[in-house]
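All of the numbers you see were taken from the coordinates with simple rules; none came from a lab. Note that the structure is a prediction, hence the values are computed from the model and not measured. When we count neighbours, we look across all protein chains shown, and the Cβ atoms used for this are built from the backbone with ideal geometry, even at glycine.
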């Protein structure tokens, strides 16, 4: 009885792995297109903000460079001149 339950669990796990592998192979071919289409859609939805626009519209490789600039921007007032100056500097990076 235990051997039959163990065999059933192994077969069920094999089925789940096969389904996930098939799903991965289907989306692997289209992954770049799906990623770029999501970026384009999100860029159209976002409004530019003079204080935090550079942080909102950055793409993944560049947002790692922006980490040191996020902490000072969090503690300053929303429309202060220093926040806008930091935003302009980060945008020019």
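Along its three principal axes, how long is segment 1-45 when you only count alpha carbons? Whole Å, largest extent first please.
Principal extents (Cα only, largest first): 59, 20, 6 Å.
Once R0 is set to 41 Å, what does the formula 1/(1 + (r/R0)^6) return for the Cβ-Cβ distance between residue 79 and residue 38, expressed as a FRET efficiency to the nearest 0.05? Don't skip to the answer; put the middle values down first.
On the way: r = 30 Å, r/R0 = 0.73.
E between residue 79 and residue 38, to the nearest 0.05, is 0.85.
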